[in-house]
Amino acid sequence: MSNTPEKRGTSRREFLRTAALSAAATVAATEVAKSSVYSLAPSRVLGANDRILLAHVGVGGQGMAHVGLTKRESAKNNTESIAVCDIYVRRLRNAQRELGLKDSQAFQDYRKLLENKDINAVFIATSDNWHAQIALDAMNLGKHVYIEKPMCKTLEETFALYDTVKKTKRILQVGSQGCSDPRWHVAGKMVREGKIGKVVMAQGSYCRNGRIGEWNYYHIDKDAGPNATGDAYVDWQTFRKGVGPEEWDPDRYFRWRKYYAYGNGIVGDLFPHRLHPLMIAMDLPLEGTAGYPTRVASLGGIYVQKINPETGKKDREVPDFTNIIIDFAEECSLMLLGSTINEQGWEDMIRGNKATIYLGGDSVEVKPERVWADEVEPASEQAPGGEPIERHQKNFFDCIRTNATPNCGIELAARVQTMITLGDLAYQQGKTMHFDPKTRKAWG
């Protein structure tokens, strides 16, 4: 397929028809898996000395961060980026220049990129509505995938990805880099050792504040759009995947996290940074049907960010303040606060019946409950390192070579994505959502 908009013709219409069929197929997890346009292909096992060849699909802000980091760390990790893809030509050319790639290595159609049998792993940093389909197609062609958070949008997509990872035996890592922060693993070890007794509840938050409204700082290129030519061309119809207004809307394209057709705001952008690590710190089970939420509730609203200061129109569909409460059968609960209008959050902690774990800075501290003070010893352990993305990337590459479980692999990711999706549905429908992990069904 040509990379110039003037020569797309029938092929582009076929692509859109395929996308529409794919969207319809998400009525069931098995149907989503079938919507992959590729059949399972074998992939060569990589040894410790083999170079991992990478591709990048979606090279906007976060996608270019991955391009830059993988380039900078390429010698250390023995990797090379050999292909890029984006539906916005300007971004595509920027990534191409950054990596010194030929025109034959730059694509607007991710399916053409995936035809390259040399590619071992794909970084996916598109809008959320495309995560699942690209990952399914990549894994079915034998490629490992690193997906930016959230992993996907729906329960059907969640379990299509889960089943495809199991079928293809590919490594999947979700870009929630906090999972590679040592302190959450130290906390999980303390829980396993019984230092706080029975876990009853965990809490955390991800809050920030900005004068012009969250995601409104994403720059809009005024000359860009579907009617533009050259570098300014955007394939708007592919981006929207048959959902939302057909008419070009630059705010929806450049600030897509504010709109439900393409993302879901705080729940998808911010909550994964706490939910994945808190699951690790709580030492919740990741086998079989255990560790999945059974009930999720959500409260919040658009309290401040109602009007876009640039346009004077309604600013967003997603809330600017929200929280979710998650129950795990009758075992324990998890409570999470998110805000983009006030940055004062809840302290990260794991509460047990005998003691509480506090996670602050580079230390993990156990403080006994008063009534158990004679039996439980206070404890503190240092866990320096933080959560740089390059550490999370390295974990992905190491797991490709050793076939180990990545720090944010499919078992953890599927459970957290279930929480995210149920939390989103609970807010939008004003209901408490219930989930049966055995049937993979939700209701409210």
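Observations
- Put simply, of VAL304, VAL318, VAL296 the only residue that is assigned to a loop (DSSP other than H, G, I, E, B), hydrophobic (A, V, I, L, M, F, W, C) and surrounded by 22 or more Cβ atoms within 10 Å (Cβ to Cβ) is VAL318.
- Criterion (in the same structural domain as GLY352 (by TED's automatic domain parsing), under 18 Å from TYR292 (Cβ atoms) and among the hydrophobic types (A, V, I, L, M, F, W, C)) met by exactly one of VAL191, VAL199, VAL174: VAL199
- Checked against (1) more than 17 Å from the chain's Cα centre (by Cα); (2) buried (at least 17 other Cβ atoms within 10 Å of the Cβ); (3) within 20 Å of LYS166 (Cα to Cα), ALA413 passes all but condition (1).
- Subset tally (residues that are within 24 Å of LEU425 (Cα to Cα) and in contact with a strand residue (DSSP E or B) (Cβ under 8 Å, 6 or more places away or on another chain)) for region 281-301: 12
The values are calculated or read from the model by the stated rules, or taken from the named source; none is laboratory data. As the structure is a prediction and not an experimental result, all values here were calculated from the model. Using ideal geometry, Cβ is built from the backbone for each residue, glycine included, and neighbour counts are taken over all protein chains shown.
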